[in-house]
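Peer 1: Can you keep this structure in mind? I'll have questions shortly.
Read the figures in this text as sums done on the coordinates, not as results from a lab. Note that the coordinates shown come from a computational prediction; the quantities given were computed from them, not determined experimentally. Positions of Cβ are backbone-derived with ideal geometry, glycine not excepted, and every protein chain shown enters the neighbour counts.
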Amino acid sequence: MFRYNPMFRYLAAALIVAATPALAAQEAMPMPARDCPATPVPPPAELAGWQGRTALSAASDPAGADAARIVPGKGVDAALLPTPAIRYPVRPAHPGGSVSHGGIFAFEITEAGTYRVAIGSGAWIEVVRGGQPATSTAHQPGPACSGVRKMVDFTLEPGSYLLEIAGNGAPRLPILIARLPR
């Protein structure tokens, strides 16, 4: 049978104090960087539009989205807005805080199929049509060392859509909407 000894309390406290600097140092260590070349690796063929992106400014509300139109297959370097300035038509599940960035973009689908939204960060992606969010069919990281960090797939029918970007940590974000091969 174990008998409580007050010395155990002092011993436990001493061990915690001694271990704290080691634990703090481990938490402060940077994540190891991927061994990627200075120039990003070309993405796979279905994401070819990721290279040669053009500048595009995000809209703050659906009414301004026509001026922020993304053409599927052509990548953009999006200038985003501070989150408090955006009036999303559908509240994103992860809208981000007051210091994050986001925006609204319009795009048109002319042929039914699976479309991939690829972005250069872990921001939240929402595709909206007729005031309703589309259901994503797949989520995955981008190809290693390509600059694509996150990819989300959607099965879309012909029509007009809005792309909501939310919770991005920076005011700029590369974006590509690409139709996947059948």
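Peer 1: Write out, first by first residue and then by second, each pair whose Cβ atoms fall under 7 Å of each other, whose residues are 6+ apart or on separate chains, and whose first residue, in the stretch 103-125, is in contact (Cβ under 8 Å) with a residue 40 or more places away in the chain and closer than 22 Å to A85 by Cβ while the second is among the acidic types (D, E) and assigned to a loop (DSSP other than H, G, I, E, B).
Peer 2: I104/D61
Peer 1: When the residues of the stretch 75-120 are narrowed to those that are among the small types (G, A, S) and surrounded by fewer than 19 Cβ atoms within 10 Å (Cβ to Cβ), which ends up nearest to P43 (Cα to Cα)?
Peer 2: So in the stretch 75-120, the residues among the small types (G, A, S) come out as 75, 78-79, 85, 93, 96-98, 100, 102-103, 106, 112-113, 118, 120.
Add one more test, that the residue is surrounded by fewer than 19 Cβ atoms within 10 Å (Cβ to Cβ), and what stays is 79, 85, 93, 97-98, 106, 112-113.
Numbers: A79: 22, A85: 33, A93: 29, G97: 31, S98: 33, A106: 24, A112: 23, G113: 21 Å.
Out of the qualifying residues, it is G113.
Peer 1: Under 8 Å between Cβ atoms, which residue pairs at least 6 apart in sequence (or on different chains) link something in the stretch 82-93 that is among the aromatic types (F, W, Y) with a partner that is surrounded by 13 or more Cβ atoms within 10 Å (Cβ to Cβ) and in a helix (DSSP H, G or I)?
Peer 2: Between residues of the stretch 82-93 that are among the aromatic types (F, W, Y) and residues that are surrounded by 13 or more Cβ atoms within 10 Å (Cβ to Cβ) and in a helix (DSSP H, G or I), there is no close pair.
Peer 1: Report yes if some residue within the stretch 118-126 is outside any helix (DSSP H, G or I), more than 15 Å from I165 (Cα to Cα) and among the acidic types (D, E); otherwise report no.
Peer 2: no
Peer 1: Is it fair to say Y115 is of a type outside the set (K, R), in a strand (DSSP E or B) and in contact with an Asp or Glu (Cβ under 8 Å, 6 or more places away or on another chain)?
Peer 2: Details: of a type outside the set (K, R): yes; in a strand (DSSP E or B): yes; in contact with an Asp or Glu (Cβ under 8 Å, 6 or more places away or on another chain): yes.
Judged against the criteria, Y115 is a match.
Peer 1: Can you tell me how many residues in the stretch 40-72 are small (G, A, S), outside any helix (DSSP H, G or I) and touching a Lys or Arg at 6+ places or on another chain (Cβ under 7 Å)? Explain how you work it out, then say what you get.
Peer 2: Let us first name the residues in the stretch 40-72 that are small (G, A, S), namely 45, 48-49, 52, 55, 57-60, 63-65, 67-68.
Then keep just the ones that are outside any helix (DSSP H, G or I); that gives 52, 55, 57-60.
If we keep only those that are touching a Lys or Arg at 6+ places or on another chain (Cβ under 7 Å) as well, we get 60.
So the answer is 1.
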